[in-house]
1. Among DSSP beta bridges lying fully in the chain, give the percent that are antiparallel, nearest 5.
2. So if I place +1 on the C-beta of Lys and Arg and -1 on the C-beta of Asp and Glu, and nothing else carries charge, what would the dipole magnitude of the chain be about its Cα centre? I want it in debye, nearest 20.
3. Which ³J(HN,Hα) values in Hz, rounded to whole numbers, follow from the phi angles of the stretch 304-316 under the Karplus curve 6.51 cos²θ - 1.76 cosθ + 1.60, where θ = phi - 60° and Gly and Pro get x?
4. Can you work out ³J(HN,Hα) from phi for every residue in the stretch 205-220, in order, using Karplus 6.51 cos²θ - 1.76 cosθ + 1.60 and θ = phi - 60°, giving whole Hz and x for Gly and Pro?
5. Given points 7 Å out from each Cα along the Cα-Cβ axis, report the residue 242 to residue 109 separation in nanometres with one decimal.
6. Between 306, 131, 182, find the one with the highest GNM mean-square fluctuation for the chain; connect C-alpha pairs within less than 10 Å.
7. Trypsin sites (Lys or Arg not before Pro) within the stretch 251-356: which are DSSP loop residues with at most 16 other Cβ atoms inside 10 Å?
8. Measuring from the lowest to the highest alpha carbon on each principal axis, how far does the stretch 133-280 reach, largest first, in angstroms?
Amino acid sequence: MSKSYLKRSIETELERLAKLYPVVVVTGPRQSGKTTLCKKIFSNYHYANLEDIALREQILMSPKAFLSQHTQGILLDEAQLVPEIFSYIQVIVDEIPNAHFALTGSSNFTLIEQVTQSLAGRSATLSLLPLSLHEIENSTGISTNRLILNGGFPAIWAKGIPTQDHSRNYYNTYIERDVRQLLKVKDLLKFQLFIRLCAGRIGTEFNATALANEVGVSAHTIIEWFSILEASYILFRLPPFFRNLGKRLVKSPKFYFSDTGLACFLLNIDSEEHLETHPLRGALFENMVVLEFLKHRYNRGHFSNLYFYRDKSQREIDLVQEFGNELHAYEIKSAISFHKDFFKHLVYLKELLGNDLVSMQVIYDGEHNTHSKDFGVINFRNIKFK
């Protein structure tokens with residue numbers, strides 16, 4: 001299996017923004033397809049890979065002179081590696097109305113910091129995550145376990161690289177190298193334990209103290225490590241839903257991995273058969289579904305509007321989506337058979353929120369799909385995104 005380019009849902013939004021802003025920025029995890037996407041959309045731009053040390057040194061000798069040669073369009077790959085360049089981009093954009101820049105970066109914290117400081121009002125930013133189910137060719141004919149096990153990195157689906165090989169190399173090259181360098185991690189074994197413990201807690205609330213006790217570091221260190229993994233698009237958080245916006249920021253979020261294939265690798269799940277009987281299969285299925293909602297938002301240039309709900313009695317709704325005053329609630333079940341108990345907490349939430357909760361759906365792995373005025377049961381492959 002080999003296919004040179006997989007069409008991405010984000011293309012339309014990227015092309016639209018490139019007509020409106022002199023600078024467009026595409027962030028996302030390493031190997032999510034940022035460079036391939038931008039090379040296709042901006043095929044007439046000069047390409048500069050800033051991971052090339054010699055090129056970086058050349059640019060730093062005279063940044064403005066280098067950029068001025070390519071004002072008709074330049075694609076700067078991994079732009080955060082040369083933070084000095086952003087102020088020069090600002091100057092050129094202000095001086096030359098028709099200048100165009102496309103930037104990519106895999107360190108959200110570093111890149112966004114530079115963009116907000118130097119390019120505010122001059123740039124638009126999109127986040128590209130690994131492939132969604134819609135972007136995977138013939139995904140309807142692929143087993144659920146294989147979809148979870150493979151994850152969404154394009155190299156697996158376009159080039160046929162075995163998922164275990166890809167995940168191992170991804171972990172060794174990008175997580176251990178990049179993240180450790182960024183954090184200056186001294187004890188590799190403790191960091192390895194931390195990220196594997198995170199994989200074992202997919203879909204649970206983030207508890208820095210509990211993780212600190214197990215890893216043998218301070219809670220402050222755990223928070224720092226988690227923040228870097230989030231900024232590097234390894235993990236993402238799902239905040240709790242409260243009417244009070246302040247509580248959303250204070251209360252502990254749940255967290256998931258940005259790729260289920262990587263999570264499976266960290267859990268030592270190496271086959272569909274192993275995954276089928278694994279105690280975390282339900283959590284990994286939930287992770288995959290929540291990711292689909294997040295990818296849909298990002299691919300259209302929107303921020304996340306996703307939350308989970310849990311009350312003091314531990315009644316929980318896996319996913320709540322907010323559109324102004326309208327709320328949509330989803331229970332996510334890995335079962336292939338439907339049970340009416342799946343609606344139990346949705347009914348409770350409806351009683352609590354009243355007319356603000358306009359739809360309730362159970363998303364599961366079964367084939368039966370049904371809809372009524374308020375309730376729906378749907379296979380995860382048939383989600384109708386809002």
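Values quoted throughout were computed directly from the atomic coordinates according to the rules given, and no laboratory measurement underlies them. These figures come from a predicted structure and were not determined experimentally. For neighbour counting, all protein chains shown are included, and Cβ atoms are generated from backbone atoms with ideal geometry for every residue, glycine included.
1. Rounded to the nearest five, the antiparallel share is 35 percent.
2. 420
3. These are the phi-based 3J(HN,Hα) values: 5, 10, 10, 9, 10, 10, 8, 9, 5, 8, 6, 6, 10 Hz.
4. With the stated coefficients, the stretch 205-220 comes to 6, 5, 10, 5, 5, 5, 5, 4, 5, 6, 7, x, 10, 6, 4, 4 Hz.
5. Here the answer is 2.5 nm between the modelled labels.
6. 182
7. 251, 300, 312, 315
8. Result, largest extent first: 43, 42, 27 Å.
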